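The values are calculated or read from the model by the stated rules, or taken from the named source; none is laboratory data. Note that this is a predicted model, so its numbers are computed, not measured. Reconstructed Cβ throughout: ideal geometry from the backbone, glycine too, with neighbour counts over all protein chains shown. Just so you know, the surface numbers come from the protein's heavy atoms only, side chains and all, with ligands and any DNA or RNA stripped out. Shrake-Rupley method; radii C 1.70, N 1.55, O 1.52, S 1.80 Å.
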Amino acid sequence: MRMPRRGLVIQARTRWLLVGLALLFSLVLLMYLLECAPQTDGNGSLPGVVGESMGKEYYQALLQEQEEHYQNRATSLKRQIAQLKQELQEMSDKLKSLQEKKSPKVNGMNYQGTKEQTSNDLLEFLHSQIDKAEVSVGAKLPSEYGVIPFESFTSMKVFQLEMGLTRHPEEKPVRKDKRDELVEVIEAGLEVINNPDEEDGQDEDDGVGDRQLYSENDFVEGYYRTERDKGTQYELFYKKMDGMEYRHVTLFRPFGPLMKVKSETVDISRSIINIIVPLAGRTEAFAQFMQNFRDVCIHQDKRVHLTVVYFGQDGLSEVKSILESVARETDFHNYTLVSLNEEFNRGRGLDMGARAWEKGEVLMFFCDVDVYFTAEFLNSCRLNAEPGKKVFYPVVFSLYNPAIVYANQDIPPPVEQQLVHKKDSGFWRDFGFGMTCQYRTDFLTVGGFDLEVKGWGGEDVHLYRKYLHGELMVIRTPVPGLFHLWHEKHCADELTPEQYRMCIQSKAMNEASHSHLGMLVFRDEIEAHLRKQAYRTNSEAVG
């Protein structure tokens, strides 16, 4: 069946209307999308080719931003690295400057030069220690307690002041370090003598065959003392058996290697000693003194003059008789007797004895009638006193009361057998300054003794202090050849309180050792104990 024409027209119009509505809807949708799209800094555009261009620039911008960030970071790191390099260079420069003082320089000085510089600096420091110490010149000291005394030694024994309760006044060096020290010092002195250099004053042209060599057997004596903040000083003396020349070597250990201070030859063959003895009464003691003087000074040494200053008239004739008898028997006439009709004053007596000498410069030994000395001591006196430079104050070994020391014997042994350095036989009289060796000009220069001091004691300390306050060096050391013989002391009532105290103190110390005095103090207790022991023994025997 065929459709009519009118129906076809309506159908066509309806189709176009639907197409129009579809287009209108699409247009409205498009406009809506355009209005709702996000805006950019540039002109708006539709997605497509234009959108792609905007995304590349965006990412390029992001990449550029990141690159700038890393560039800034790199710049900051470079700046920090530069600062570290600068600090490292400064540290390197400091280290280099320190190394230049201790190690070879890169440019210029070689290793040997640097080593020599270091050695020179060390020697300069060690020599400065010597200059600070009291080695070549004396030091001003406030009192007698400021003196650092020497201790003396031979190749076999040490004579020491500080004993305590275990050490002895004379002993062999027990400690290995002390033995090794003294052996090293003696050998070092021999090395200096046998291999002299220019400053020792010996001609280098002299061959070894022409030069007299010394050995350990030629070592006579030595002294040493230690200044705790500087070092140890050694005075060494060597002598050939058949000669009168001594070799004197001074060494100093500034808490390091031994260093030679000087080496010299000391000729004492013409050195006369004027032995000055003040005296009042005590003729028996003087007779004993003259016996020692005869044996040591006249028969052995033969280079002495004796000056006796006698106070008062009582006993004067006996003293003259003793001197004349010795002169006849020995043909010795080098003595002077000075008589003073006044009260005994030790300082005045020694002063008068010093001024009585009229032959110019002379070495004086201030002595007492109770002093026993050896020929070796006289040489020590010569070696340790030097005019204008040093005075010698030896420490005497004072013997105890022989009646106590040898109480277990019927009678004490002869004096010569009592001259031993033991704790129970005596002590170093380190508080006494009466025995001294000094030159006459030095004695007169310091003003001599204080003549205002009367009676016993005190005058020697005043003179000693004068030297301490001056520029001369004071040699203070115990010597083995000087003894003070015991004699009973009487402390007079006329003494001042200070003198009386000193006299009593000296009297107590001279009597006996600590152990012997203790035995005397506790004698009754000991005897009671012995009686009880004897009673028990007898009771047990009876039972």
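Identify all residues within the stretch 439-484 that are within 26 Å of the chain's Cα centre (by Cα) and part of a strand (DSSP E or B); write none if there are none.
If we filter the stretch 439-484 for residues that are within 26 Å of the chain's Cα centre (by Cα), which is where we start, we get 461, 464-480.
Listed by number, the residues that qualify are Met473, Val474, Ile475, Arg476, Thr477, Pro478, Val479, Pro480.
Checking Glu318 against (1) surrounded by 17 or more Cβ atoms within 10 Å (Cβ to Cβ); (2) touching a helix residue (DSSP H, G or I) at 6+ places or on another chain (Cβ under 7 Å), which single condition isn't satisfied?
With (1) surrounded by 17 or more Cβ atoms within 10 Å (Cβ to Cβ); (2) touching a helix residue (DSSP H, G or I) at 6+ places or on another chain (Cβ under 7 Å) applied to Glu318, the lone miss is (1).
Residues in the stretch 336-352 that are in contact (Cβ under 8 Å) with a residue 40 or more places away in the chain and either outside any strand (DSSP E or B) or touching a Gly at 6+ places or on another chain (Cβ under 6 Å) (or both): how many?
Qualifying residue count for the region: 9.
Taking Ser119 and the conditions (1) farther than 30 Å from Lys389 by Cα; (2) surrounded by 16 or more Cβ atoms within 10 Å (Cβ to Cβ); (3) outside the structural domain of Leu236 (by the TED database); (4) modelled with pLDDT of 70 or more, which numbered condition does it fall short on, given that it satisfies the others?
(2)
Please report, ordered by residue number, the helices (runs of 4 or more DSSP H) entirely within the stretch 353-430 with at least 1 residues that are of a type outside the set (Phe, Trp, Tyr) and under 22 Å from Val277 (Cβ atoms). I'd like the intermediate steps shown before the answer.
Working: elements: 375-383, 402-405, 415-418.
Hits in the stretch 353-430: 375-383, 415-418.
On the given criteria, is Val521 loosely packed, with under 11 Cβ neighbours inside 10 Å and modelled with pLDDT under 85? Before the answer, list the steps.
On the way: loosely packed, with under 11 Cβ neighbours inside 10 Å: yes; modelled with pLDDT under 85: yes.
Answer is yes for this residue.
In the stretch 250-268, what residues are open to solvent by less than 20 Å² (accessible area, probe 1.4 Å), hydrophobic (A, V, I, L, M, F, W, C) and assigned to a loop (DSSP other than H, G, I, E, B)?
The answer is Ile268, and nothing else.
May I ask you to list the residues in the stretch 392-405 that are over 21 Å from Glu171 (Cα atoms) and in contact with a helix residue (DSSP H, G or I) (Cβ under 9 Å, 6 or more places away or on another chain)?
Taking the stretch 392-405 and keeping what is over 21 Å from Glu171 (Cα atoms), we get 392-393, 401-404.
The answer is Phe392, Tyr393, Asn401, Pro402, Ile404.
Report yes if Leu279 is closer than 30 Å to Gly353 by Cβ, buried (at least 22 other Cβ atoms within 10 Å of the Cβ) and touching a residue at least 60 places away in the same chain (Cβ under 8 Å), otherwise no.
For Leu279, the condition - closer than 30 Å to Gly353 by Cβ, buried (at least 22 other Cβ atoms within 10 Å of the Cβ) and touching a residue at least 60 places away in the same chain (Cβ under 8 Å) - is met.
Yes or no: Thr336 over 19 Å from Val371 (Cβ atoms), of a type in the set (Val, Ile, Thr) and assigned by the TED database to the domain that holds Phe443? Walk me through it before giving the result.
Working: over 19 Å from Val371 (Cβ atoms): no; of a type in the set (Val, Ile, Thr): yes; assigned by the TED database to the domain that holds Phe443: yes.
Here the answer is no, as Thr336 does not meet what is asked.
Mind listing just one residue for me: the one in the stretch 524-543 that is aliphatic (A, V, I, L, M) and either within 27 Å of Pro402 (Cβ to Cβ) or in contact (Cβ under 8 Å) with a residue 60 or more places away in the chain (or both) and, of those, surrounded by the most Cβ atoms within 10 Å (Cβ to Cβ)? Spell out the reasoning first.
The first filter runs over the stretch 524-543 and keeps only residues aliphatic (A, V, I, L, M), leaving 526, 528, 530, 534, 541-542.
Those left that are additionally either within 27 Å of Pro402 (Cβ to Cβ) or in contact (Cβ under 8 Å) with a residue 60 or more places away in the chain (or both): 526, 530.
Details: Ile526: 13, Leu530: 10.
Residue satisfying both the conditions and the ranking: Ile526.
Tell me which residues, restricted to the stretch 131-152, are at pLDDT below 75 and in a helix (DSSP H, G or I).
Result: Lys132, single match.
Matching residues to (1) over 38 Å from the mean Cα position of the chain (by Cα); (2) under 24 Å from His462 (Cα atoms); (3) surrounded by fewer than 17 Cβ atoms within 10 Å (Cβ to Cβ):
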| position | (1), (2), (3) |
| --- | --- |
| Thr336 | yes, no, yes |
| Ser339 | yes, no, yes |
| Phe344 | yes, yes, no |
| Leu350 | no, yes, no |
| Glu361 | no, yes, yes |
| Phe366 | no, yes, no |
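Among the listed residues Glu488, Glu498, which satisfies the condition of being touching a helix residue (DSSP H, G or I) at 6+ places or on another chain (Cβ under 9 Å) and not β-branched (Val, Ile, Thr)? Full working, then the answer.
Details: Glu498 fails: touching a helix residue (DSSP H, G or I) at 6+ places or on another chain (Cβ under 9 Å).
Criteria check complete, one pass: Glu488.
Taking the stated definitions as given, is Glu329 assigned to a loop (DSSP other than H, G, I, E, B) and over 22 Å from Lys389 (Cα atoms)? Give the derivation first.
Working: assigned to a loop (DSSP other than H, G, I, E, B): no; over 22 Å from Lys389 (Cα atoms): yes.
When the stated conditions are applied, Glu329 does not pass them.
Residues of the stretch 282-305 being over 23 Å from Leu485 (Cβ atoms) and surrounded by fewer than 17 Cβ atoms within 10 Å (Cβ to Cβ), which ones?
Lys302
Take the stretch 402-414 and flag every residue that is surrounded by fewer than 16 Cβ atoms within 10 Å (Cβ to Cβ) and not small (Gly, Ala, Ser). Quick ask: steps written out before the conclusion?
Taking the stretch 402-414 as the starting set, the residues that turn out to be surrounded by fewer than 16 Cβ atoms within 10 Å (Cβ to Cβ) are 403, 407-411, 413-414.
The answer is Asn408, Gln409, Asp410, Ile411, Pro413, Pro414.
Consider the stretch 416-441. How many of its residues are in contact with a strand residue (DSSP E or B) (Cβ under 7 Å, 6 or more places away or on another chain) and open to solvent by less than 60 Å² (accessible area, probe 1.4 Å)? Show your work before the answer.
From the stretch 416-441, those in contact with a strand residue (DSSP E or B) (Cβ under 7 Å, 6 or more places away or on another chain) are 418-419, 421, 425-430, 432-440; that's our starting set.
Then drop every residue that is not open to solvent by less than 60 Å² (accessible area, probe 1.4 Å), which leaves 418-419, 421, 425-429, 432-440.
Looking only at that region, the number is 17.
Filter the stretch 232-249 down to residues that are within 16 Å of Gly138 (Cα to Cα) and in contact with a Lys or Arg (Cβ under 8 Å, 6 or more places away or on another chain) and give me whichever is surrounded by the fewest Cβ atoms within 10 Å (Cβ to Cβ). It would help to see each step written out before you state the result.
From the stretch 232-249, those within 16 Å of Gly138 (Cα to Cα) are 232-235; that's our starting set.
Checking which are in contact with a Lys or Arg (Cβ under 8 Å, 6 or more places away or on another chain) leaves us with 232-234.
Values: Thr232: 18, Gln233: 22, Tyr234: 24.
Among those that are within 16 Å of Gly138 (Cα to Cα) and in contact with a Lys or Arg (Cβ under 8 Å, 6 or more places away or on another chain), it is Thr232.
Let me spell it out: the conditions are (1) touching a residue at least 40 places away in the same chain (Cβ under 8 Å); (2) more than 27 Å from Gly146 (Cβ to Cβ); (3) open to solvent by 60 Å² or more (accessible area, probe 1.4 Å), and Leu399 meets all of them except one. Which number is the exception?
Here Leu399 clears every test but (3).
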